[in-house]
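> Below: one structure in structure tokens.
Please treat every number below as a calculation from the coordinates, not as lab data. Quantities reported herein were computed from a predicted structural model and do not represent experimental measurements. Note that each Cβ is placed from the backbone with ideal geometry, even for glycine, and that neighbours are counted across all protein chains shown.
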Amino acid sequence: MANERPRPLVAGNWKMNGLRASSEVLSEIMAGYGAGLRNRADLLVCPPATLVAALAGAAKGAVGVGGQDCHAKASGAHTGDISAEMLADAGASHVIVGHSERRADHGETDAVVRAKAEAARRAGLVAIVCVGETQAQREAGETLTVVASQLRGSIPAGAMAADLVVAYEPVWAIGTGLTPTAADVAEVHALIRTELGTLVGEAEAGRVRVLYGGSVKPSNAAELMAVANVDGALVGGASLVAADFLGIARVYGA
Ligand SMILES: O=C(CO)COP(=O)(O)O
């Protein structure tokens with residue numbers, strides 16, 4: 001059981017992009033999600049919160065729909081925030097937490113990220129917990145210590161593979177067209193799997209999907225997805241174009 005590879009997940013993070021007309025992208029993704037691919041990999045689209053309900057309604061569960069962030073509390077006086085319960089009510093199955101853009105733009109600490117991941121679990125959502133080093137940290141040789149420390153601080157105690165996905169996104173690879181070498185990705189993903197073993201137990205750790213994110217494109221997806229302990233991708237820019245998103249997912253099947 002522990003040797004079984006988790007079913008791959010290809011997730012699109014639309015970030016702050018998308019209007020109601022963007023539901024067309026989802027329609028194209030659904031049209032291209034044929035049996036050959038459907039039998040081998042799960043697809044997830046994480047649009048801005050304004051589109052979660054509409055896209056979840058249109059996807060009818062064939063493609064998952066997720067949020068990009070949630071508040072740690074279920075409700076209350078937090079103007080502008082959205083709770084995990086609200087995302088679940090809107091039809092979301094997943095929520096991204098701790099994306100480096102939120103860590104940077106909103107000062108989110110590991111403790112905040114962990115509280116959000118706990119909120120996701122409380123609401124019945126899968127938390128996609130993001131970790132990754134900056135360019136300066138990589139140059140200083142701190143990649144493994146930074147990622148290990150983010151994991152220890154951000155993963156909720158008692159997390160299970162059914163409610164947790166980890167995404168390794170080197171900050172310097174996001175939106176830059178740069179990617180780590182396959183060997184660098186392998187090294188970090190092996191570390192993540194080992195750390196997860198300590199945090200959630202060996203059996204669960206083997207089943208947690210660990211995604212790679214950062215400039216994934218159809219042209220480099222096959223190489224990145226073939227790396228040991230890479231169970232899919234978290235795709236930014238290329239997820240806004242159905243053909244590119246499908247081109248990435250199709251490394252798992254036509
Ligand atoms: O941040 C990302 C996904 O969460 C990656 O973004 P890009 O694919 O645009 O580099």
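> Are any residues in the stretch 58-110 polar (S, T, N, Q) and assigned to a loop (DSSP other than H, G, I, E, B), and if so, which ones?
Scanning the stretch 58-110 gives 68, 75, 79, 93, 109.
Residues checked against (1) within 16 Å of the ligand (Cβ to nearest atom); (2) of a type in the set (A, V, I, L, M, F, W, C); (3) within 21 Å of residue 250 (Cβ to Cβ):
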| site | (1), (2), (3) |
| --- | --- |
| 16 | yes, yes, no |
| 38 | no, no, yes |
| 59 | no, yes, yes |
| 77 | no, yes, no |
| 85 | no, no, no |
| 88 | no, yes, no |
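> Looking at residue 248, is it among the β-branched types (Val, Ile, Thr), within 15 Å of the ligand (Cβ to nearest atom), in contact (Cβ under 8 Å) with a residue 60 or more places away in the chain and buried (at least 21 other Cβ atoms within 10 Å of the Cβ)?
Yes, satisfied.
> Return the residue satisfying two criteria in turn: it lies in the stretch 103-150 and is under 18 Å from residue 45 (Cα atoms) and within 13 Å of the ligand (Cβ to nearest atom), and of such residues it is surrounded by the most Cβ atoms within 10 Å (Cβ to Cβ).
Per the stated criteria, the residue is 128.
> Determine which member of the set 251, 241, 235 is of a type outside the set (Lys, Arg) and touching a strand residue (DSSP E or B) at 6+ places or on another chain (Cβ under 8 Å).
235
> Another question about this same structure. For the stretch 29-49, which positions are small (Gly, Ala, Ser) and either assigned to a strand (DSSP E or B) or in contact with a Pro (Cβ under 6 Å, 6 or more places away or on another chain) (or both)?
41
> Let me ask something else. Just to be sure before I move on: is residue 52 in contact with an Asp or Glu (Cβ under 9 Å, 6 or more places away or on another chain) and either assigned to a loop (DSSP other than H, G, I, E, B) or closer than 17 Å to residue 15 by Cβ (or both) in the structure I sent?
Taking the combined requirement at face value, the residue does not satisfy it.
> Can you find even one residue in the stretch 184-195 that is charged (D, E, K, R), surrounded by 21 or more Cβ atoms within 10 Å (Cβ to Cβ) and touching a helix residue (DSSP H, G or I) at 6+ places or on another chain (Cβ under 6 Å)?
Yes, that holds for at least one residue.
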